[in-house]
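A.B. asks: Mind having a look at this structure? Questions to follow.
The values are calculated or read from the model by the stated rules, or taken from the named source; none is laboratory data. A quick note: this is a predicted structure, and the numbers were derived from the prediction, not measured. In this analysis, Cβ positions are derived from the backbone assuming ideal geometry, glycine residues included, and neighbour counts consider all displayed protein chains.
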Amino acid sequence: MTFVRRAFFSPSDHPTLFNRKTRQVHVIPLKPLNFLKFWEKGKPGKMKTYSWDNVTARTYRRLDVPGGTVARTETAMELLCMTEENPKVVDEMVSLGMTGTWSDNNQVALWEHIRRYMEEGGPPLQPGDQLRKINHDKLPEFPPEVVEAAGGPALTEEELAQWTRPQE
C-alpha cells in the first residue's frame, strides 16, 4: 500500500532551482508518507534556500534487487545542502539526475555541467541533451518571486529545441 501511495499520490520529483545570478539553490523537499495515515496524499515540503557555496554533490553506490531475483549495483547522486550557521552538517539531501548503473560517469558529468552553469556562465543545456519526461501535474511549484529572480518561467518546447539541437 505504501508503494502504491508513493507512486500515485506523491510528487514525482525533487524540484531544484539553480539561480546563478543570486548564487542560490532552491529545493522543495518531499515530506515522507505517514505509514499510519494511509489515506493522506504525499505533499511537498516547504521550499528551502541554500547558498551555492554551501552545496556539493556526492555519488552513492547501492545494491538493487529489481524483481527480487538478480542483484545489481547502482549509483545515485545526491545534492548535499548545508546552512550558513552549520556548514559541516548536511541539512537536506536531494536526489539529482537519474539512478545509474555500475559507473557514476553520467552523474559526475551532470554535476560538472551544473557547476559550469553556476560558476562559469555555462549554458543551461548542452547541444544534444534531452530532458527526461516527467508528470508535470505532480511537480510542486516554486513561488513566483523565486522563478522571476531566476530569469522567468521555464523555456517553451521551441526554446528548448534551440538549446538542445545538435550542432553540425
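So that you can scan it fast, the table gives a plain yes or no per residue for (1) at pLDDT 85 or above; (2) outside any strand (DSSP E or B); (3) not hydroxyl-bearing (Ser, Thr, Tyr):
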position: PHE3; (1), (2), (3): no, yes, yes
position: PHE18; (1), (2), (3): yes, no, yes
position: HIS26; (1), (2), (3): yes, no, yes
position: LEU36; (1), (2), (3): no, yes, yes
position: TRP39; (1), (2), (3): no, yes, yes
position: THR59; (1), (2), (3): yes, no, no
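A.B. asks: When only residues in segment 114-127 that are touching a Pro at 6+ places or on another chain (Cβ under 9 Å) and either closer than 23 Å to SER95 by Cα or modelled with pLDDT of 75 or more (or both) count, which is surrounded by the most Cβ atoms within 10 Å (Cβ to Cβ)?
C.D. replies: Applying the filter and picking the extreme gives TYR117.
A.B. asks: Right, something else. Which residue pairs have Cβ atoms under 7 Å apart, sit 6 or more places apart or on different chains, and have a first residue in segment 40-63 that is surrounded by 12 or more Cβ atoms within 10 Å (Cβ to Cβ) and a second that is at pLDDT 80 or above and acidic (Asp, Glu)?
C.D. replies: LYS48/GLU92; SER51/GLU84; ASN54/GLU84; ALA57/GLU78; ARG58/GLU78; TYR60/GLU78
A.B. asks: Determine which member of the set MET93, MET98 is out of contact with any Gly (no Cβ under 8 Å at 6 or more places or on another chain), modelled with pLDDT under 70, of a type outside the set (Asp, Glu) and under 23 Å from ALA109 (Cβ atoms).
C.D. replies: Going through MET93, MET98 in turn, just one is out of contact with any Gly (no Cβ under 8 Å at 6 or more places or on another chain), modelled with pLDDT under 70, of a type outside the set (Asp, Glu) and under 23 Å from ALA109 (Cβ atoms): MET98.
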